[in-house]
Each structure stands twice: as C-alpha cells, then as structure tokens.
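Throughout, read-outs are computed from the coordinates displayed, never taken from laboratory work. None of these values were measured; they are calculated from a predicted model. Here the Cβ positions follow ideal geometry from the backbone for every residue, glycine too, while neighbour counts run over all protein chains shown.
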Amino acid sequence: MKSASKSYILFSLLLLSSLFALSCGKSRQGGDVLAGDAAQRVYVAPGQKDEFYWFMSGGFSGHVAVYGIPSGRLFKQIPVFSVYPENGYGFDEETKNMLMTTHGFIPWDDAHHPEISLTKGVQDGRWLFINGNNTPRIARLDLKTFDTAEILEIPNSGGNHASPFLTENTEYLMAATRFAVPVPQQAIPVESAADGKFKGTITMVKVDPQTGRMGIDLQVLVPGFDYDIAHCGKGPSHDWCFFTTYNTEQAYKMLEIEASKNDKDYILAFNWALAQHCLSQGKAKDFSGTYYDNFHPENKPAVSEKRSGVKLMNPADCPGVMYFLPTPKSPHGADVDPTGEYIVGGGKLATVIPVHSFSKFQKAIQDKSNILKEVGGIPVLKYESTLGGEVQKPCLGPLHTEFDGKGNAYTSCFVSSEIVKWKIGSWEILDRVPAYYSIGHLSIAGGDSAQPSAKYMIALNKITKDRYLPVGPEVPQSAQLYDISGSKMKMLSDFPTVGEPHYAQGVPAALLADKAQKIYELDKNDHPFATKTEEEAKVVRDGKVVHVYMTAIRSHFKPDVVELKVGDTAFFHVTSLEQDYDIDHGFAIEGMTVPNALLMPGETKTVRFDATTEGVYPFYCTDFCSALHQEMQQYVRVTK
Amino acid sequence: MFQKLSTTNRFLVFLVGTMLILLYFLPLWSIHLVAPQYPEGLGMYIWMSKITGHSAHDLQNINLLNHYVGMDKIIESSIPELRFMPYIAGFMIFGAMFTLFYDRLLMVYLGILNFFLVGAAGLWDFWRWEYNYGHHLNPDAPISIPGMTYQPPLIGCKQLLNITSCSWPHWGGAFLFLSVLLLGYVVWSERRKNRG
C-alpha cells in the first residue's frame with residue numbers, strides 16, 4: 001500500500017514536471033546540440049541533395065508533405081483529400097472527381113498514416129498510401145509523379161484510423177473503424193453503443209500488383225471498440241495483421257474517463273490469409289454499403305465510380321481468423337519488429353511497454369486453456385500466454401515504436417515528451433532523449449519494414465510553443481531530427497512542419513530520385529481535350545457550352561482572343577506544349593470562380609469560366625515561365 | 001602514280017571504306033549548349049541525314065530558346081544537304097571498295113582529293129548555315145541587342161548571351177579525319193617504298 005502511494009506520488013511529480021516543462025520558458029534545452037558535428041551532419045551544401053525523402057502526413061491539412069532529410073527542407077505538398085488552390089487540385093475538371101464520396105464532394109479530410117508499398121517487407125517505392133480518417137477513405141499516390149492517383153471510400157466504417165497498413169507484399173491494405181457506428185447505418189439511439197450495438201469493421205483492400213488499383217475484397221465485422229493503429233506481420237507472421245484497440249468499454253460519451261477504465265484493452269490479431277481462404281469458401285455474405293472509387297489516370301480526367309455492396313464476414317464463421325491479445329492500457333501503436341516475431345503495444349496509459357511474441361501467440365492458440373472468454377465471437381487469450389516481455393518503467397505515455405534492424409526499438413512517449421531506446425529481448429532501456437514537445441509518432445526510414453535504414457530518426461511533435469519565432473496563436477508543428485547511427489541518440493536539428501504530421505515514411509533518395517517524372521510526354525497525352533499543336537487550337541460551341549481548345553507555350557496562348565456570349569459556360573482545356581523540365585505555365589481569367597490551372601510540360605487541364613457579365617476579361621500565365629512571362633496575357637470578350 | 005598498293009595499304013583503304021559506312025550510324029558533329037538554367041546542358045547532333053537532340057526534346061527546347069532572339073527554327077526538312085549527303089558518302093565508299101580491285105596509288109590520290117573537296121564544301125556549308133542562323137534574325141524578335149549576332153562556332157566554344165555554345169566533331173567527324181590521315185599514310189608509305 002505504501003509503495004503504491006509512493007509510486008503514485010512519483011507519477012504525479014513526473015506529470016507535474018512535464019507540465020511544468022511545457023509551460024516554462026526556460027526549457028529551451030538542446031542548446032548544446034551545436035557542439036560537435038551536429039551542424040555539419042544536417043548541412044546539405046548548395047547543389048547537393050538530401051539522403052532521404054521523408055513523406056509526412058498533413059493531418060488536418062489533408063495533404064502529404066515531402067521533406068528532404070537531413071536538411072529538413074520542405075520540397076512539396078501533395079494534395080490528397082483536400083483541395084489545393086496552388087495547383088487547382090480538387091477544383092479543375094481533371095481532379096474534382098477525386099474528392100467525390102457518398103456524401104457528395106468533400107474538399108477536406110484528416111490524413112494520418114502514410115505507408116510506402118512493400119515487396120517482401122521492404123519498401124519498393126512504387127506507391128504511397130494514406131488514410132482519410134473523417135470520411136473513411138484511402139488514397140494511393142504515384143511515386144513517379146508524386147500525385148494522388150486514386151481514392152477509395154471505405155463503407156460501413158466510422159473514422160478510418162487504423163489504416164492503411166499493408167501486408168508484406170502489399171497484397172492488402174487494412175482499414176479498421178475508429179469510431180464504432182451502427183452497421184449497417186441506422187438511427188438507433190446513441191446510448192445503445194454501450195449495449196454493443198455499434199460495430200467496427202476490418203476492411204481488406206486488395207491492391208493490383210501491376211496497376212496499384214484498389215478494390216474492397218472483404219469486410220470483417222468486429223466489436224464496436226476503437227481500432228487505433230495497426231501493422232501487419234512479416235516473415236513468420238506474414239499472414240497476420242495486428243490492430244490496437246481502445247474504448248473496449250464501448251463508451252459513447254466522456255471517453256476520456258469512460259474509455260480509460262479497463263486495465264487492459266486488446267490487440268486484435270487478424271489472420272488475413274485465413275480470411276481470404278474463408279472468403280473463397282463462401283463464408284462471407286453479401287452486405288450493403290456504397291462507396292466511391294475515384295481514379296486519376298495520368299494526364300486525363302479523373303473517373304468517379306460509385307459501387308455498392310461488399311462481402312461481409314462474421315469472425316465466428318471463420319474460426320481462428322481473429323484473437324484478442326489483452327494489452328495494457330488504451331494502446332496506440334501496434335508495431336511489428338523487422339523479424340516479424342515481436343508485436344509492440346504502445347500502451348499510452350500503461351506503465352510498461354508490452355511486447356507480444358508471435359511464436360508464443362501461435363503456441364498459445366493451440367491450447368484452449370489460454371482462452372479467457374469470447375468477445376463478439378473472437379477468443380480472448382491470457383495476457384501472459386502471448387507476452388514476450390515488458391519494458392519496465394519506460395516513460396510516461398508510450399505511443400509508438402519503430403526499429404533500427406540492429407535489435408533496438410525506439411518508443412515515443414507523449415506525456416514525458418521523450419524517446420526511449422530499448423533492447424529487444426532483454427527489454428532494458430539503453431538511452432533516452434527529450435522531444436520538444438509532446439511527441440506523437442516517431443519515424444525511422446523503413447522503421448516499420450523488414451529492412452530499416454536506421455541513420456536518422458524524426459520526432460513528430462504535437463506541441464510547438466516556443467521552439468520557433470512566434471507567429472500568432474497558430475504555430476507550425478515541430479519536428480526534431482536525431483542521429484541514431486551510434487549507441488546514443490543525438491539531436492541534430494529542429495524544424496517546423498506543415499499541417500499536423502501524424503505518421504511519416506522515410507525513403508532512401510536512391511529509391512525514388514532517378515525515376516521521378518520530369519515532364520508529361522506530349523506524344524502520350526491521351527486527354528480527350530488535348531490540343532497538341534497551335535494549329536489545332538480552336539473554340540467549339542455547343543449551344544451554351546463552349547469548349548476552348550487552348551495551347552500554352554513560351555510565351556503565348558492560342559487562340560489569341562476568345563469570344564463568348566453572356567450565359568455561356570466555357571471550359572478552357574489548356575495544354576502545355578512545353579517538353580522541358582520545370583518550364584511550367586499557369587492559366588487564370590479575371591473573374592474565374594476556381595483557382596488557376598497549373599500546367600506541367602505536356603499536361604492538359606480544364607477550368608470552367610462562366611460568362612455572366614459583358615466585358616473584356618484578361619487571362620494570363622500565373623507561373624513564371626520565361627523572360628517574356630509577363631507578356632503572356634490575352635483577352636476573353638463576353639458580349640450579349 | 002599507277003603503282004600497285006602493298007597488301008597492308010590495300011587493307012587500310014578497305015578500312016577507310018568500312019569507316020565511312022559507320023557515318024550512316026554515327027553523328028558527324030555535336031553542338032552543346034550550357035546556360036545558368038541548363039547546367040545539365042542541351043545539345044544537338046548533326047548526322048549525314050538528320051538532326052537530333054542530345055535527349056528526346058532538346059531540339060524543340062533549343063528552337064524555343066532561339067525564338068527569343070529571332071533565330072529560325074532548326075527543321076530537318078529545311079536543310080536539303082541532309083538529303084544528298086548519304087549519296088556522297090556512298091560514292092566515296094564505292095571508290096574505296098573499287099580500289100580493292102583497281103589497287104593503284106592514283107585511286108588513293110583521288111580519294112584524298114575527294115575528301116578535301118567534300119570536307120571543304122561541307123565545312124563551308126556548315127559555316128554558311130550557322131552564319132545564316134546567327135545573322136538572319138526576325139526583326140520582331142522579343143530580344144534584340146544592337147550589333148549582336150548568334151552564329152555558333154564551327155569548332156570550339158563561344159559565349160552567346162547566357163549560353164556557352166561548344167561545337168565539336170562527333171564520332172562520325174572523327175572517323176572522317178581519321179580516314180584522311182589513313183589515306184595520307186598510305187601515300188607516304190607507298191612513296192617511301194618507291195624511293196627505297
């Protein structure tokens with residue numbers, strides 16, 4: 001009793017001190033990082049290139065941001081679930097269909113977890129997948145053009161958080177429900193959530209190995225817990241994916257209290273290979289659910305297809321497909337080590353870091369005495385039966401773990417605002433470094449794959465406060481870069497990030513740099529409204545709808561003048577005839593109610609212009625293209 | 001003059017004929033342009049029968065840059081020489097092969113004469129094209145600098161506004177020079193044989 005109260009006091013003191021650290025202006029530690037060679041380590045000389053690409057989710061920006069590491073320079077923001085006036089994404093006629101959902105056009109989402117496609121558990125650099133949490137969706141980005149190529153809506157789900165985690169060869173992406181909802185949707189009282197009437201689903205999204213096209217193969221109905229984060233197995237655990245859960249209390253209000261009662265929640269172990277088998281055996285039934293699949297073929301308009309119906313399976317109809325592994329407490333990360341043997345639970349309210357052993361788990365399910373009970377047709381195993389070990393007193397608020405491939409694990413700790421390095425197997429803590437402040441995820445290049453490139457680690461922090469020059473109440477998120485090549489972690493630099501990066505994927509530059517696309521080949525431009533020579537530029541009227549086939553090349557547009565009538569709806573299909581890297585044009589007309597079309601060499605884009613009022617309206621090039629860029633200006637005339 | 005060639009020299013003449021066949025498959029000349037915005041460079045190859053870019057879109061991009069100062073577009077169909085140069089090379093290959101049967105020193109002299117005539121005409125023609133491209137400028141060009149012309153060098157490098165333009169023989173041109181040297185060697189060795 002005495003020791004319990006002692007540790008309680010200690011815990012409170014730690015909590016207080018961490019809160020104090022947050023509010024205290026003197027906490028600007030890390031001032032000595034410039035000692036030694038830190039500055040040299042992050043200095044990328046003019047003309048030199050970074051060693052890594054780092055893709056960071058944009059969180060509430062709905063984008064993916066691409067940084068260079070170790071410099072921390074921002075290269076690009078890729079709009080995914082959100083409109084982007086900078087290049088017209090989501091506004092122009094080519095991309096607006098990308099944001100179609102069963103709720104209509106949605107210009108925003110909350111993008112959390114980028115995942116690079118894998119082959120044999122190793123990053124292959126073909127695609128990057130990311131979830132939209134708010135309106136359940138998964139996007140696929142093409143890593144040649146660094147653009148969004150496809151967005152698939154996930155039906156029968158509420159809050160697509162534990163997503164899109166990939167199997168070892170990108171056979172499937174997993175998408176699990178964060179916010180339990182009635183499945184199928186119906187207006188039952190919210191209070192009935194407590195009676196288990198709300199459900200979650202685990203969705204298996206198949207990925208075509210050649211084209212990357214996504215399609216829903218199967219949904220498995222699971223109890224209405226909150227499925228938080230997942231990772232799939234590799235090597236011996238290839239067939240399995242692991243999902244953390246919280247709110248196993250199934251509270252529907254005041255979750256901060258109500259969902260923190262259980263001493264242990266679960267990691268859901270899901271045998272996707274067996275599920276696939278059961279699906280082929282006809283164990284799943286046809287179920288309702290409508291969803292959109294929006295596909296953007298290269299340099300063509302995006303196509304939205306509405307689909308309906310899924311295959312839905314109850315876990316009880318496919319024995320052995322799922323097990324619950326009790327895991328303390330409200331765990332966040334479910335992180336599989338590079339060998340595929342250990343599954344680390346980031347128990348954010350736990351005092352230990354629990355690590356499940358895949359081999360022990362496999363042994364445990366052979367013996368029925370290890371089954372405590374069943375929940376929703378899913379056996380719950382004894383905690384000890386699958387436990388590989390526990391890291392004792394690691395830190396406060398352990399969240400997420402990545403690996404260096406040398407037998408070490410790195411866990412982010414939100415409350416104590418630090419990263420702990422520990423040894424797999426002996427579970428001893430080797431080192432700890434602070435993060436500024438309140439780190440969420442951390443990221444090592446390939447740190448969740450079978451083959452990490454463990455030179456750098458990045459802390460993705462939730463609170464920034466005094467790290468940079470103040471810019472009003474809203475400040476950027478902060479990130480810190482650490483060198484993890486030695487036995488001790490060493491902070492190298494600190495840089496702001498855009499949006500709110502939740503999770504990130506680092507990729508060795510060599511995997512992507514050489515195949516990054518420079519132009520769109522005009523010869524291969526199959527856009528239905530492409531204009532490939534100036535001689536073909538024309539205006540085609542079809543009643544009140546006018547199609548302007550326009551070309552752009554240094555430093556003019558053709559046709560020279562466009563004549564419209566009041567009441568016309570004009571579509572300006574502008575093709576850049578350029579074939580030179582980074583010679584881009586933009587197109588905007590005064591009074592146009594959508595952003596500019598930004599045209600890469602060889603690209604065709606379409607913007608709509610409603611001719612409402614008589615007059616002469618200038619249009620011009622918005623992307624500085626040449627010495628005569630400023631002269632790239634012409635007129636639309638609108639007459640009665 | 002009518003003496004028979006030694007076996008080695010007959011072989012060398014044959015080699016010259018073979019090298020001339022390579023001209024159909026290799027560029028004669030290369031022009032390389034480097035500018036602050038083009039650190040990787042842009043360039044074009046001049047072949048007997050065509051003009052190509054160093055990479056896929058270089059020719060289009062050179063033409064685009066040239067239009068600022070009012071130079072004409074470089075278009076294959078506007079250069080008639082590209083149509084008959086292959087026949088001239090064919091004639092010279094025929095001469096070399098014919099020498100295998102009529103292996104007299106006279107043929108080598110004729111060959112050298114041909115090379116000098118064709119070479120001089122070719123270089124003059126090349127220079128004339130470069131001169132015309134560099135001097136016949138569209139008076140409506142956006143950039144017009146009084147007194148400035150844009151004739152690329154025949155051989156060597158030259159700064160033209162922001163562009164460093166270098167012009168050098170490529171493999172085909174090198175084989176042409178080598179052919180002349182080989183024929184010169186044949187003459188020299190035959191005449192030495194005579195004296196000895």
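For the reader, a short list of remarks on this structure follows.
- Placing +1 on the Cβ of every Lys and Arg and -1 on the Cβ of every Asp and Glu, with nothing else charged, gives chain A a dipole about its Cα centre of roughly 1720 debye.
- Taking Cα centre as origin and charging only the Cβ of basic (Lys, Arg, +1) and acidic (Asp, Glu, -1) residues, the dipole magnitude of segment A:550-618 rounds to 120 debye.
- Distance between the modelled labels on residue A:516 and residue B:117, one decimal in nanometres: 5.7 nm (7 Å Cα→Cβ projection).
- Nearest-ten-degree value, helix A:2-23 long axis tilted from longest Cα axis of chain A: 20
- Filter on A:120/A:455; A:368/A:393; A:144/A:300; A:49/A:490 - keep pairs with C-alpha separation over 24 Å: A:368/A:393
- Modelled label reach - residue B:168, point 7 Å along Cα→Cβ, segment B:48-79 residues with backbone N closer than 19 Å: B:52-55
- Measuring max minus min along each principal axis, the C-alpha atoms of chain A give extents of 87, 64, 42 Å (largest first).
- Fully extending the segment from residue A:274 to residue A:359, taken as 0.36 nm per residue of separation minus the present Cα-Cα distance, adds 28.8 nm.
- Under the combined filter of DSSP loop state and at most 16 neighbouring Cβ atoms within 10 Å, segment A:594-640 retains these GluC sites (Glu not before Pro): A:614.
- Chain A, relative contact order [Cα under 8 Å, separation at least 6], %: 11
- Spacing of the modelled spin labels on residue A:374 and residue A:488, each 7 Å from Cα toward Cβ, amounts to 5.5 nm.
- Note on segment A:332-432: Kirkwood radius taken over Cα pairs, Stokes-Einstein applied at 10 °C and 1.306 mPa s, translational D equal to 114 µm² s⁻¹.
- Principal axes of segment B:7-195: Cα extent on each, largest first, Å: 64, 30, 29
- Shape of segment B:5-59, Cα gyration tensor, a/c cut at 1.5: prolate
- The chymotrypsin sites (Phe, Trp or Tyr not before Pro) of segment A:82-179 meeting both criteria, a DSSP state outside H, G, I, E and B (loop) and at most 16 other C-beta atoms within 10 angstrom of the site's C-beta, are A:108.
- Counting other Cβ atoms within 10 Å as a rough exposure proxy, the listed residues A:560, A:623 run A:560, A:623 from fewest neighbours to most.
- Burial ordering of A:54, B:168, fewest other beta-carbon atoms within 10 Å first: B:168, A:54
- Of the DSSP H helices in chain B, those whose Cα atoms cover at least 30 Å axially and whose Kyte score averages 1.0 or more: B:81-101
- Sites matching trypsin sites (Lys or Arg not before Pro) across segment B:26-124 that sit in DSSP coil, with at most 16 neighbouring C-beta atoms within 10 Å: B:50, B:73
- Segment A:247-310 and segment A:365-418 have Cα centres spaced 23 Å apart.
- Note on residue B:78/residue A:560: beta-carbon distance plugged into 1/(1 + (r/R0)^6) with R0 of 30 Å gives a FRET efficiency of 0.70.
- Segment residue B:194-residue B:15, length gained on full extension (0.36 nm per residue, minus Cα span): 62.1 nm
- With K and R counted +1 and D and E -1, the other residues having a Cβ less than 14 Å from that of residue A:277 yield a net charge of -2.
- The dipole here belongs to segment A:494-640: it is taken about the Cα centre, uses +1 on the Cβ of Lys and Arg and -1 on the Cβ of Asp and Glu, and is about 520 debye.
- Sites residue A:45 and residue B:22, calculated FRET efficiency, Cβ-Cβ separation with R0 51 Å, nearest 0.05: 0.70
- Out-of-range pairs (alpha-carbon distance over 27 Å; input A:285/A:363; A:199/A:261; A:96/A:518): A:285/A:363
- Label-to-label distance, nm, for residues given as residue A:637 and residue B:127 (7 Å Cα→Cβ offset): 5.3
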